[in-house]
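The values are calculated or read from the model by the stated rules, or taken from the named source; none is laboratory data. As the structure is a computational prediction, the values presented were derived from the model and not from experiment. We place every Cβ from the backbone using ideal geometry, glycine too, and count neighbours over all the protein chains shown.
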Amino acid sequence: MSEENKNNTEHNFDPTMFDPIEPVKLFDDYYFIGNKLVGIHVLKTSEGLVLFEAMDKYDVDDEFLIPGLKKLGLENEKILILFLTHGHFDHYMGADKIRLRTGCEVALSKEDAAFMLWGPDNYLDIEDLRVPRITRTIEDGEDLVFGDHTVHVILAPGHTPGCLNYSFEVHDNGQAHRVIMVGGYGVFGPGIYPGKHEYPHSVTYAVDQALTFATSCVKTWEYCKENHCDVYLNPHPHLCAMLETDEKNKARKPGEENAFVIGLEGVRKWIVERFDVCLECAQKFSDIRKEY
């Protein structure tokens, strides 16, 4: 088990969550390669592959991506770009090795490109931390075109200062659906912090970030309404019921809807859950309501 995974095991993750799983085909042109905790999302375009996320190990390319693409029959596809959602180690550790092998760009917001450089003080003390080179910074509202697919960028701070959400079309039996991939999840502050560390920032900062995250939820929802998003994804499969949904698809009968298509209302329910947690945390982090 890698040093990173030893660290995570100490943080109450079941060690079997790090075992590789069979690649998941979510849509005709969208796949997941990884384990039960983290992974690489793969969008197949007419020009090549667009990747999202790089997992929590430097050797992800050899251990997960290369064998996963081979199982999917995508090993000869050109890798065009690797998008990161934010600057936590479990999303970027494998990026450099993928970039060096394929020559692809590695894209992130300028805010989190800086945030990553805070090193081990960035939520978890990881030995042999590998902060990748970001070759392209991307901005809120940017549309990046890759052949027949376009990736839309949404700056959604709160989980980290420059966390990103992404939106793009996928297809099921030729029918287009719009994905919203929400990059952040945890709301951090006093008493809610990874590992065995004390929260290193002020109460004021924690409340500010929780409320910022809530605002990002509203911003994301407004985008989803306007663009009719009907698929919700998170980089972590266990935070969007990916594997459970895949099991439903395995039992899918001809003519039945892809289980990952949950409609706008299904997307709203996922987003509002985080919105409510953000507001609850903003109150929990401060003792302003405590009588003295």
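Whether any residue in the stretch 230-247 is among the β-branched types (Val, Ile, Thr), in contact with a Lys or Arg (Cβ under 8 Å, 6 or more places away or on another chain) and closer than 23 Å to residue 154 by Cβ is what I want to check. Within the stretch 230-247, one or more residues are among the β-branched types (Val, Ile, Thr), in contact with a Lys or Arg (Cβ under 8 Å, 6 or more places away or on another chain) and closer than 23 Å to residue 154 by Cβ. For the stretch 260-268, the criterion of being farther than 16 Å from residue 32 by Cα and touching a helix residue (DSSP H, G or I) at 6+ places or on another chain (Cβ under 6 Å) is satisfied by at least one residue. The sole residue among 137, 215, 220, 150 that is among the hydroxyl-bearing types (Ser, Thr, Tyr) and within 16 Å of the chain's Cα centre (by Cα) is 220.
Say whether the condition of being modelled with pLDDT of 95 or more, touching a Gly at 6+ places or on another chain (Cβ under 9 Å) and more than 16 Å from residue 51 (Cα to Cα) is met by at least one residue in the stretch 131-150. No, the stretch 131-150 has no match at all. Any chance the stretch 186-194 includes a residue that's farther than 23 Å from residue 89 by Cβ, surrounded by 17 or more Cβ atoms within 10 Å (Cβ to Cβ) and not charged (D, E, K, R)? Checking the stretch 186-194: not a single residue is farther than 23 Å from residue 89 by Cβ, surrounded by 17 or more Cβ atoms within 10 Å (Cβ to Cβ) and not charged (D, E, K, R).
Would you confirm, using the coordinates I've provided, whether residue 220 is of a type in the set (Ser, Thr, Tyr), over 20 Å from residue 118 (Cα atoms) and buried (at least 19 other Cβ atoms within 10 Å of the Cβ)? So residue 220 passes the test. The sole residue among 127, 111, 75 that is free of Cβ contacts under 8 Å to residues at least 60 places away in the same chain and part of a loop (DSSP other than H, G, I, E, B) is 75.
The residue of the stretch 24-71 that is modelled with the lowest pLDDT, among those that are hydroxyl-bearing (Ser, Thr, Tyr) and either more than 20 Å from residue 250 (Cα to Cα) or surrounded by fewer than 21 Cβ atoms within 10 Å (Cβ to Cβ) (or both), is 58.
Taken over the stretch 42-64, the criterion of being within 23 Å of residue 145 (Cα to Cα) and either in contact with a helix residue (DSSP H, G or I) (Cβ under 8 Å, 6 or more places away or on another chain) or not charged (D, E, K, R) (or both) is satisfied by 42, 43, 45, 46, 48, 49, 50, 51, 52, 53, 54.
Counting residues in the stretch 226-234 that are among the β-branched types (Val, Ile, Thr) and assigned to a helix (DSSP H, G or I) gives zero. Answer yes or no: is there a residue in the stretch 254-272 that is over 19 Å from residue 52 (Cβ atoms), surrounded by 14 or more Cβ atoms within 10 Å (Cβ to Cβ), touching a residue at least 24 places away in the same chain (Cβ under 8 Å) and within 18 Å of the chain's Cα centre (by Cα). Checked against the condition, which is being over 19 Å from residue 52 (Cβ atoms), surrounded by 14 or more Cβ atoms within 10 Å (Cβ to Cβ), touching a residue at least 24 places away in the same chain (Cβ under 8 Å) and within 18 Å of the chain's Cα centre (by Cα), the stretch 254-272 yields at least one hit.
Residues of the stretch 130-162 that are in a strand (DSSP E or B), out of contact with any helix residue (DSSP H, G or I) (no Cβ under 6 Å at 6 or more places or on another chain) and hydroxyl-bearing (Ser, Thr, Tyr): 150 alone. In the stretch 197-217, the residues that are free of Cβ contacts under 8 Å to residues at least 12 places away in the same chain reach residues that are not hydrophobic (A, V, I, L, M, F, W, C) with C-beta atoms within less than 7 angstrom, at least six apart or across chains, in these pairs: 199/189; 199/190; 199/193. Pairing residues of the stretch 281-292 that are of a type in the set (A, V, I, L, M, F, W, C) with residues that are surrounded by 10 or more Cβ atoms within 10 Å (Cβ to Cβ) and not in a helix (DSSP H, G or I), at Cβ distances under 7 Å and at least 6 apart in sequence or on separate chains, gives 281/187; 281/189; 281/192; 285/189; 285/190.
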